[in-house]
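Trainee: A single structure is presented below for examination.
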Amino acid sequence: MQLLIHITNHEDTVNPILTKMMEAGLHGCSVVDCEGMLRALNEDSVDAPSIFGGLRKFVNPDRQTNKLILLVLRDEDVSKAVDIIHEVSGDLKLPNTGILFTVPVTRWEGVSKD
């Protein structure tokens, strides 16, 4: 089993990803609001490292959070889920498209093992 984690600041991609996951038989996604490091440091204007001062102009003040998609998958379903994310979000190697990674899950409960 693998935990797939996809973080995006493009909220408009989340529902299409979830829809395509369901259509592919991949169920149980969770979506969580999250905040990136630059935004968190920007909030604390007193203690923010000086290097981030110049980057503040790049922080989108209208976007308060990013979206974090979590999904526990069988090893053989990981590539299907990654393909769906690429189909909707595009090439994640491009700037400002998001990140995606998986980590092994050694124990789980409440997830069908069938």
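The values are calculated or read from the model by the stated rules, or taken from the named source; none is laboratory data. Owing to the predicted nature of the structure, the values given are computational and were not obtained by experimental measurement. Here the Cβ is made from the backbone with ideal geometry for all residues, glycine too, and neighbour counts use every protein chain on show.
Trainee: Please specify each residue of the range 74-109 satisfying the condition of being closer than 18 Å to Leu26 by Cα and touching a Gly at 6+ places or on another chain (Cβ under 9 Å).
Mentor: Across the range 74-109, the qualifying residues are Asp77, Lys80, Ile85, Ser89.
Trainee: Could you check the range 25-107 for helices (runs of 4 or more DSSP H) lying wholly inside it with 3 or more residues that are under 19 Å from Asn15 (Cα atoms) and either of a type in the set (A, V, I, L, M) or at pLDDT 95 or above (or both)?
Mentor: Fully inside the range 25-107 and qualifying: 78-89.
Trainee: Also: Go through (1) at pLDDT 95 or above; (2) in contact with a strand residue (DSSP E or B) (Cβ under 7 Å, 6 or more places away or on another chain); (3) of a type outside the set (D, E, K, R) for Asn15 and report which single condition fails.
Mentor: (2)
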